[in-house]
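In what follows, a single structure is set out as structure tokens and then discussed.
The values are calculated or read from the model by the stated rules, or taken from the named source; none is laboratory data. The structure displayed is predicted, hence computed values, not measured ones. Counting neighbours? That spans all protein chains shown, and the Cβs are built from the backbone with ideal geometry, glycine included. When the accessible area is computed, the model is the full protein with side chains, heavy atoms only, and any ligands, DNA or RNA have been set aside. Shrake-Rupley method; radii C 1.70, N 1.55, O 1.52, S 1.80 Å.
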Amino acid sequence: MSGPYVRLPALGLLPLETTTEDVGAERAEVAVLPIGSFEQHGPYLPLMTDTVIACAIAREVAAAFPVHCLPPVTISCSHEHAAWPGTVSISAATLYAVVRDIADSLRRSGIDNLVLINGHGGNYVLRNVVQESAGSGTRMALFPGPADWSAARDRAGVQTPSYSDMHAGEVETSILLHDHPELVRPGYETSDFLADDREYLLTLGLRAYTESGVVGCPSMASAQKGKDLLAGLVDSFAEYFSLLSPAKSPASADARRGTE
């Protein structure tokens, strides 16, 4: 494509040629919905960073577990980034409604379990969606949780503390360096900026604490760390899958093989 535009990367979810018969033959009991954002990530990472990361996690999960991958939600609640050009948000009420509608539609088509793979920390409302799903007919989970990220960070040898590595830092840059290095522009090596005192972030927005939009240490990022982070998250997903689809969990399969 000519001009200033570039093709979006292949995010690695369902192949474009997938048909309804293909999905029916899979008989997946668990769907995964990547939820990203469209917001600034400093001068070296794209606006689509959180969506790329959520899709990378979903793709790796789908390679290890029999789940039904959905297309990503690409715009979410990024209001704290509104001071930077390019950031686009929807309201928490809209995101809530979209996710609930997707869950209802999946249930009508025979899938009663939905995992929200969240790539943006500002999507606080997703916790409420999952909490309120009890008794709705759809069992939901929010992934990755804090413990999942912590285990993955330890496995990858991430050096920046999680609170300090808030935005466009070591973790996010590492995952993109591994998954889509062509999306990472030069400059991350010299863009470290820490702002641990963010007490009024929700009131003032992120611009009150960083001019560049970066909060973290991207200079410590590496493709190997990104690969190890994703591998760690896949390991953590096993417990979620066993809760939602115990008959198809790896542990159940191992147990069945042991009795044969």
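Of the conditions (1) modelled with pLDDT of 95 or more; (2) of a type outside the set (Asp, Glu); (3) buried (at least 20 other Cβ atoms within 10 Å of the Cβ), Cys69 clears all except one; give me its number.
Of everything listed in (1) modelled with pLDDT of 95 or more; (2) of a type outside the set (Asp, Glu); (3) buried (at least 20 other Cβ atoms within 10 Å of the Cβ), Cys69 misses just condition (1).
For the condition more than 20 Å from Thr173 (Cβ to Cβ) and without any contact (Cβ under 8 Å) to a residue 40 or more places away in the chain, what is the one hit in Ser91, Ser76?
None of the other options fit; the residue is Ser91.
Can you name the residue in the stretch 1-49 that is assigned to a helix (DSSP H, G or I) and of a type in the set (D, E, K, R) and is also modelled with the highest pLDDT among such residues?
Looking only at the stretch 1-49, we keep the residues that are assigned to a helix (DSSP H, G or I), and these are 20-26, 49.
Now drop any that are not of a type in the set (D, E, K, R), which leaves 21-22, 26.
Working: Glu21: 90, Asp22: 85, Glu26: 84.
For the stretch 1-49, the residue satisfying everything is Glu21.
What are the residues in the stretch 125-153 that are of a type in the set (Asp, Glu) and either in contact (Cβ under 8 Å) with a residue 12 or more places away in the chain or at positive phi (or both), if any?
Result: Asp148, single match.
Hey, can you tell me all the residues within the stretch 117-145 that are aliphatic (A, V, I, L, M) and touching a Lys or Arg at 6+ places or on another chain (Cβ under 7 Å)? If you could, list the steps in order and put the result at the bottom.
The first filter runs over the stretch 117-145 and keeps only residues aliphatic (A, V, I, L, M), leaving 117, 125-126, 129-130, 134, 140-142.
Those that are aliphatic (A, V, I, L, M) and touching a Lys or Arg at 6+ places or on another chain (Cβ under 7 Å): Val129, Leu142.
Just give me the residues in the stretch 107-124 being over 13 Å from the mean Cα position of the chain (by Cα) and crowded, with 19+ Cβ neighbours inside 10 Å, in sequence order.
Hits for the stretch 107-124 are Ile111, Asn113, Leu114.
Suppose the filter is farther than 24 Å from Ser219 by Cβ and more than 18 Å from the chain's Cα centre (by Cα); does Ser78 pass it?
no
Scan the stretch 18-56 residue by residue and report those that are β-branched (Val, Ile, Thr) and within 24 Å of Asp104 (Cβ to Cβ).
Within the stretch 18-56, Thr18, Thr19, Thr20, Val23, Val30, Val32, Ile35, Thr51 meet the criteria.
Let's see how each residue does on (1) aliphatic (A, V, I, L, M); (2) in contact with a helix residue (DSSP H, G or I) (Cβ under 8 Å, 6 or more places away or on another chain):
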position: Ala83; (1), (2): yes, yes
position: Gly86; (1), (2): no, no
position: Val98; (1), (2): yes, no
position: Asp112; (1), (2): no, yes
position: Ile117; (1), (2): yes, yes
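I'd like the full set of residues that are more than 22 Å from Ala141 (Cβ to Cβ) and in a helix (DSSP H, G or I), limited to the stretch 61-95.
The answer is His79, Glu80, His81.
Does at least one position in the stretch 207-221 carry a residue that is farther than 19 Å from Glu39 by Cα, touching a residue at least 12 places away in the same chain (Cβ under 8 Å) and surrounded by fewer than 18 Cβ atoms within 10 Å (Cβ to Cβ)?
Yes, some residue in the stretch 207-221 is farther than 19 Å from Glu39 by Cα, touching a residue at least 12 places away in the same chain (Cβ under 8 Å) and surrounded by fewer than 18 Cβ atoms within 10 Å (Cβ to Cβ).
Restricting the search to the stretch 226-243, which residues are among the hydroxyl-bearing types (Ser, Thr, Tyr), in contact with a strand residue (DSSP E or B) (Cβ under 9 Å, 6 or more places away or on another chain) and surrounded by fewer than 22 Cβ atoms within 10 Å (Cβ to Cβ)? Give the steps one after another, and end with the answer.
Looking only at the stretch 226-243, we keep the residues that are among the hydroxyl-bearing types (Ser, Thr, Tyr), and these are 236, 240, 242.
Within this subset, residues satisfying the condition of being in contact with a strand residue (DSSP E or B) (Cβ under 9 Å, 6 or more places away or on another chain) are 236, 240.
Within the stretch 226-243, Ser236 is the sole residue that qualifies.
Specify the residue that is surrounded by the fewest Cβ atoms within 10 Å (Cβ to Cβ); the eligible residues are those in the stretch 173-199 that are without any contact (Cβ under 8 Å) to a residue 40 or more places away in the chain and among the hydrophobic types (A, V, I, L, M, F, W, C).
Per the criteria, the residue is Ala195.
Would the stretch 85-98 turn up any residue that is open to solvent by less than 10 Å² (accessible area, probe 1.4 Å) and touching a Gly at 6+ places or on another chain (Cβ under 9 Å)? Don't jump to the end; show me each part of the working.
Filtering the stretch 85-98 for residues open to solvent by less than 10 Å² (accessible area, probe 1.4 Å) gives 95.
Checking the rest, the ones that are also touching a Gly at 6+ places or on another chain (Cβ under 9 Å) come to none.
Within the stretch 85-98 (the criterion being open to solvent by less than 10 Å² (accessible area, probe 1.4 Å) and touching a Gly at 6+ places or on another chain (Cβ under 9 Å)), the answer is no, since none of the residues qualifies.
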